Every structure is written in C-alpha cells, then in structure tokens.
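Contents: one structure, followed by commentary.
We did not get these values from a lab; they are worked out from the coordinates using the rules stated. Owing to the predicted nature of the structure, the values given are computational and were not obtained by experimental measurement. A quick note on method: Cβ atoms are made from the backbone with ideal geometry, for glycine too, and the neighbour counts reach across all protein chains shown.
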Amino acid sequence: VQLQASGGGSVQAGESLRLSCVASGSAFSVGVMAWFRQAPGKEREFVSRIRWGDASTSYADSVKGRFTISGDRAKYMVFLQMNSLKPEDTAVYYCAAVLGSGPYYVRPAQYTYWGQGTLVTVSS
C-alpha cells in the first residue's frame with residue numbers, strides 16, 4: 001500500500017485547511033486510515049482515524065470539535081478538515097494505514113503504511 005498526502009500549507013490562526021490522502025496498491029485491504037502529526041522536537045502523535053468497516057472515527061482531545069476526518073472508500077481517499085487552526089497545530093502531518101480493523105489503533109507502531117508527510121504551519 002502506498003499513501004500520498006497533500007494539502008498542507010501556511011495559514012493564520014483561526015483559518016482552515018483540508019488535507020487529503022490517497023491510497024494505492026493493495027488499498028482494498030486497508031481497514032483503518034489515520035492522520036498523525038509530528039512537531040519539531042516532539043514525538044509523532046495521533047490526530048484522528050477512520051475505520052472503513054463501520055465508518056467509526058476517533059480524535060485526539062486536542063483536535064476534537066475542530067478537525068473532522070472523512071473518507072471515500074471507493075476512491076481509497078481520506079480527508080482531514082482542519083478548522084480554527086492554532087499555532088500549536090503546526091507540524092508535519094502524516095497519513096497512515098493498517099490492514100487490521102481494530103477500534104483502538106491510535107499508536108504509530110500500530111500502523112504499517114505511511115505517507116510522506118505534508119507540512120502545516122499556523123502563525124499567530
């Protein structure tokens with residue numbers, strides 16, 4: 001499975017961005033797709049995930065109410081709508097996927113496939 005993320009950029013605090021990720025290869029086998037982020041000097045952290053089987057979603061507390069994950073399973077795409085962005089959202093955002101479908105896939109080590117990352121910069 002190959003993942004290609006896009007949509008990052010530089011915005012002001014309070015503005016919005018929409019990230020996209022498309023899966024290719026054996027994408028039909030993917031059970032969960034997620035977004036993680038990594039700020040300079042920090043560990044990679046979970047942002048949100050969507051499970052294809054039941055379309056269930058989950059979010060990190062830091063983004064709840066501001067970010068929305070969605071997907072188009074037929075096109076093997078996942079999106080992250082980011083509203084009310086804050087400077088602390090500045091990070092490289094990574095798309096990730098795993099063939100399993102467990103409900104608690106929130107750690108980087110649980111994901112097998114990773115995209116190249118897209119930079120989001122939010123200035124105050």
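Summary table
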quantity	calculated
Listed peptides 113-119, 8-14, 34-40 by packing density, highest first (mean Cβ within 10 Å)	34-40, 113-119, 8-14
Restricting the range 40-124 to trypsin sites (Lys or Arg not before Pro) in coil, as DSSP defines it, with at most 13 other Cβ within 10 Å	LYS42, LYS64
For the range 2-14, 3J(HN,Hα) per residue [Karplus equation, 6.51 cos²θ - 1.76 cosθ + 1.60, θ = phi - 60°, Hz, x = Gly/Pro]	10, 10, 10, 9, 7, x, x, x, 10, 9, 8, 4, x
Full-extension gain in nm, GLU43 to GLN116, via 0.36 nm per residue minus C-alpha separation	24.7 nm
Nitroxide proxy distance, nm - points 7 Å out along Cα→Cβ at LYS64 and ARG18	2.6
Mean projection area, nm², convex hull over Cα of the range 80-120	3.7
Two-site FRET efficiency, SER10 against ALA55, from Cβ-Cβ distance with R₀ of 22 Å, rounded to 0.05	0.10
The chain: relative contact order as a whole-number percent, Cα under 8 Å and 6+ apart	37
